[in-house]
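The values are calculated or read from the model by the stated rules, or taken from the named source; none is laboratory data. As the structure is a computational prediction, the values presented were derived from the model and not from experiment. Counting neighbours? That spans all protein chains shown, and the Cβs are built from the backbone with ideal geometry, glycine included. For the accessible areas, the whole protein counts, side chains as well, though only heavy atoms, and no ligand, DNA or RNA atoms are used. Shrake-Rupley method; radii C 1.70, N 1.55, O 1.52, S 1.80 Å.
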Amino acid sequence: MPPHVASILDGKALALRSQAELANQIEQLQPQVGRPPGLAVLMVGDNPASAAYVRNKERACEKVGMASFGHHLPAETTQAELAQLIQSLNQDPRVDGILVQLPLPDHLDARSLLYAINPDKDVDGLHPVNLGRLVRSEPGLRSCTPAGVIRLLQAYQLGPAGKQAVVIGRSILVGKPLALMLLEADATVTIAHSRSDDLATIARQADILVAAVGRPGLVTAEWVKPGAVVIDVGINRVSDNAVDKSYLVGDVDFAAVQAIAGWITPVPGGIGPMTVAMLLENTVWSYKQRNGLK
Ligand code: NAD
């Protein structure tokens, strides 16, 4: 018998399909509204990883026919200047979504800037109003990475209803909102984190195991129940000194876990592209809401 190999959850392919659907929708809606959806991306300083993410997002925007308003500001930009820019974007009728690329330089207070975004334009879903709507299971803008995880599960008919889901990581960006979205989708949810005792035992209970930590190789084969769905949110750059190159890996020991799991996301090509797809979907959702369209 050939060795067991988990099936791949292809986030890249699903993201491309979502983008093609959005491009169609935008083409149809634009004549009614008189303008395309618009996304404003604010980036401060020149963090190379942030610059790459922002480029990616802006390219994806343009590909589906959205307007992208890039604000790439010098590292010395002040809190007051940023707050003023956010206010003007809040009022700009061409802008449906505002995204502040994190992290910001140390002299800036990211929290108060996120709070200054109009919640109805908060396409990253990080404003307390949108997090509150999530807790209350009310419609609203949902954080992109967790929304991408749920969408990928649903697309492969791996809906979490009734399943044991374990999320490793409790950040406000990924772990906490994802746990709430899994709960909203009727999973039985456990959140594990850096202070959890015996992570391996907790992880092995999971029908759906999500790693959102930022530690390469954290999830080994021993942590995975045979046949489980393993979602790797982690993005870690590691260097291979032998060939003087660096590359991206997740939090899961992919080669070993692939022999145990039923389904697994690759890194790259899993949750990363789904995150961008959800950002675009959120922007179109906001555009439709703001223009009274279904
Ligand atoms: P974070 O640093 O804010 O949070 C990490 C979480 O992991 C914390 O809650 C902490 O309790 C937990 N943790 C830390 N060490 C642990 C350990 N040894 N065992 C168990 N839990 C531990 O990070 P984040 O913003 O949530 O991002 C997590 C990872 O996901 C990072 O690699 C990040 O690059 C990646 N990420 C990917 C996407 C994407 O689009 N795919 C989006 C956002 C973040």
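Annotation: of all residues in the range 116-150 being small (Gly, Ala, Ser) and assigned to a helix (DSSP H, G or I), the one that is least open to solvent (accessible area, probe 1.4 Å) is 148. Yes or no: residue 113 more than 23 Å from residue 69 (Cα to Cα) and part of a helix (DSSP H, G or I)? Answer is no for this residue.
What residue, among those in the range 43-62 that are touching a helix residue (DSSP H, G or I) at 6+ places or on another chain (Cβ under 7 Å) and under 16 Å from residue 282 (Cβ atoms), is most open to solvent (accessible area, probe 1.4 Å)? Here the answer is 56.
Selection within the range 209-248: residues that are basic (Lys, Arg) and under 24 Å from the mean Cα position of the chain (by Cα). The member of this set that is nearest to residue 260 (Cα to Cα) is 215. Could you please give the count of residues in the range 151-168 that are open to solvent by less than 10 Å² (accessible area, probe 1.4 Å) and either within 16 Å of the chain's Cα centre (by Cα) or away from the ligand (no atom under 14 Å from the Cβ) (or both)? Selection size over the range 151-168: 6. For the range 132-139, the condition of being of a type in the set (A, V, I, L, M) and not assigned by TED's automatic domain parsing to the domain that holds residue 210 holds for at least one residue. Among residues that are farther than 30 Å from residue 138 by Cβ, charged (D, E, K, R) and out of contact with any helix residue (DSSP H, G or I) (no Cβ under 7 Å at 6 or more places or on another chain), residue 204 is not included. Look through the range 184-226, keep the residues that are open to solvent by less than 40 Å² (accessible area, probe 1.4 Å) and in a strand (DSSP E or B), and return whichever of them is farthest from the ligand (Cβ to nearest atom). The selected residue is 208.
Annotation: of all residues in the range 243-254 being within 16 Å of the ligand (Cβ to nearest atom) and assigned to a loop (DSSP other than H, G, I, E, B), the one that is surrounded by the most Cβ atoms within 10 Å (Cβ to Cβ) is 250. Could you please find all residues in the range 255-294 being crowded, with 19+ Cβ neighbours inside 10 Å, assigned to a helix (DSSP H, G or I) and not aliphatic (A, V, I, L, M)? Within the range 255-294, 272, 273, 275, 281, 282, 283, 285, 286, 287 qualify. Applying the condition of being part of a loop (DSSP other than H, G, I, E, B) and open to solvent by less than 40 Å² (accessible area, probe 1.4 Å) to the range 66-92 and asking which residue is nearest to residue 34 (Cα to Cα) yields 66.
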